[in-house]
1. Per residue, how much accessible area does the chain have with a 1.4 Å probe, in Å²?
2. Sorted by average packing, counted as other Cβ atoms within 10 angstrom per residue and highest first, what order do 149-155, 59-65 take?
3. Quick one: compute a quarter of the convex hull surface over the Cα atoms of the range 162-209 and quote it in nm².
4. Expressed as cubic angstrom per residue, what is the convex hull volume of the alpha carbon set of the range 329-373?
5. Before rounding to the nearest 500, sum -39500 (n - 2.57) across all DSSP H runs of length at least 4 in the chain and divide by the residue total; then give [θ] at 222 nm in deg cm²/dmol.
6. What would the Debye equation give as log₁₀ I(q)/I(0) for the chain at q = 0.09, 0.13 Å⁻¹, counting only Cα atoms as equal point scatterers?
7. When you take every Cα atom in the range 106-256, what is the radius of gyration, and what is Dmax, the widest Cα pair distance, in Å?
8. If I take R0 = 25 Å and measure r between the Cβ atoms of Arg124 and Glu2 in this structure, what FRET efficiency does the formula 1/(1 + (r/R0)^6) give, to the nearest 0.05?
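The values are calculated or read from the model by the stated rules, or taken from the named source; none is laboratory data. If you're wondering where the values come from, they're calculated on a predicted model, not measured in any experiment. Because the Cβ atoms are built from the backbone with ideal geometry, glycine has one as well, and the counts that use them run over all protein chains shown. The accessibility values were calculated without ligands, DNA or RNA, using every heavy atom of the protein model including side chains. Shrake-Rupley method; radii C 1.70, N 1.55, O 1.52, S 1.80 Å.
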Amino acid sequence: MECETLIIGAGAAGMMAAAHAGRGVVVIDHAKAAGEKIRISGGGRCNFTNMGCTAGNFLSRNPHFAKSALKRYTQWDFLDLVARHGIPWHEKTLGQLFCDTSAKDIIAMLQAEMAAAGAQLLLRTALLDLCKTDDGFRAVIKQDGTLHTLTPRHVIVACGGKSIPKMGATGMAYDIARQFGLAVTDTRAALVPFTFSDNPFAPLSGLATPVRAQADGPGFDEAMLFTHRGLSGPAMLQISSYWSDGAPIHINLIPDGALFDALRDQRQIAGRKALKTVLALQLPARLVDYLAPALPLEGNLADASDAHLRDLCDRLENWELRPTGTEGYRTAEVTLGGIDTDGLSSQTMEAKAVPGLYFIGEAVDVTGWLGGYNFQWAWSSGWAAGVAIASRAGNHT
Ligand SMILES: Cc1cc2nc3c(=O)[nH]c(=O)nc-3n(C[C@H](O)[C@H](O)[C@H](O)COP(=O)(O)OP(=O)(O)OC[C@H]3O[C@@H](n4cnc5c(N)ncnc54)[C@H](O)[C@@H]3O)c2cc1C
């Protein structure tokens, strides 16, 4: 089998790279279908990019690393590709772009691009061994019980992180990196719900409310969802990437800051109403009931001084909680950390010390916010590695 470039992993990044890496591309994946995470992403509609995507939306030990690839292959480039394939899409909120119909449209598009470039896709195929040779690599793969030896000049490692092992995540990219002497930063589950011992929020399970949430990073104004196990929803997933074990999280239940004025206005016109009743007009009633024992809510609104109302608002704006943990890789959308970017070229994703070996996508220590940023990193890093390989003499399609 002719193989100039071997790509390990037919996920978002691997397929993108395969479409651009020139001739002689073989993509292997141990799964029975390509792009399984794309298929389930965005509730089946794939939040495939974000209109506001910049390097500022990513976490990495080197915050500059992602800049080059993100600038050279932007969200607009991906949107052009989506438009060329006639895939209908819409913006949901906060610049997040989703397919109108199905995430499968994105998978079909990438497979069509790969086929047009002549790339060969081998599913249910495992990598058994990979080693360096004088002019490239020797890879032993196993497909349908048969061993094949490939001798590619380039290898792109695109087998993702550790999130959702049930879907085939293995963390093999880190093993390959270590085998070739590259450093791997600490990894942990990110974009993941928080858990609390004794399930304190079970009575509120299913309730969502807008909040501003913060851990050890930026604040996020999005929805929070109470669950049987703890706290979820976009606001919690976002801050989970900035949280470390044992640390508190801060929740502002009045993100628009308008409660104090609203209560004062109500005091003028409905002072005889119970403070708790009036608060339940501003916040979900179930939440008010739940929080009531810890809040100064006794009496009528008319009896509440400005200082009393200020105290109430302060407590609602500064709710500090200490999660026990997170749901871990079982439900995490991404893996935080990964292959240390110090060892990679930000232009090409090639390992500085191992010419011909590339790492792309989630495997790399570049982790996006929730909102289409992780796919954009997969497209941009996959494209950067692909065109770098194709631009080498004699490797154009
Ligand atoms: C439930 C869920 C929803 C998400 N929704 C979104 C969203 O809407 N927008 C967004 O931007 N991001 C989303 N993400 C994150 C996004 O899916 C990932 O960031 C992205 O898929 C990473 O692309 P990748 O190609 O690096 O890795 P992956 O897409 O994980 O692809 C890796 C591939 O390598 C294969 N592989 C792994 N190990 C081996 C091995 N040992 N041998 C052979 N093959 C192997 C896997 O089968 C897989 O096909 C979501 C993630 C999850 C889990």
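1. Per-residue value: 42 Å².
2. Values: 149-155: 20.1, 59-65: 16.1.
The densest-packed peptide leads the list: 149-155, 59-65.
3. On the way: hull surface 22.1 nm².
Reported value for the Cα convex hull: 5.5 nm².
4. Values: hull volume 3.7 nm³, N = 45.
Given the Cα convex hull of the range 329-373, per-residue volume reads 82 Å³.
5. Values: 12 runs with 113 residues, N = 397.
It comes out at -8000 deg cm²/dmol, rounded to the nearest 500.
6. -0.59, -1.01
7. Values for the range 106-256 (Cα only, Rg and Dmax): 21.8, 64 Å.
8. Values: r = 21 Å, r/R0 = 0.83.
Result of the calculation: an efficiency of 0.75.
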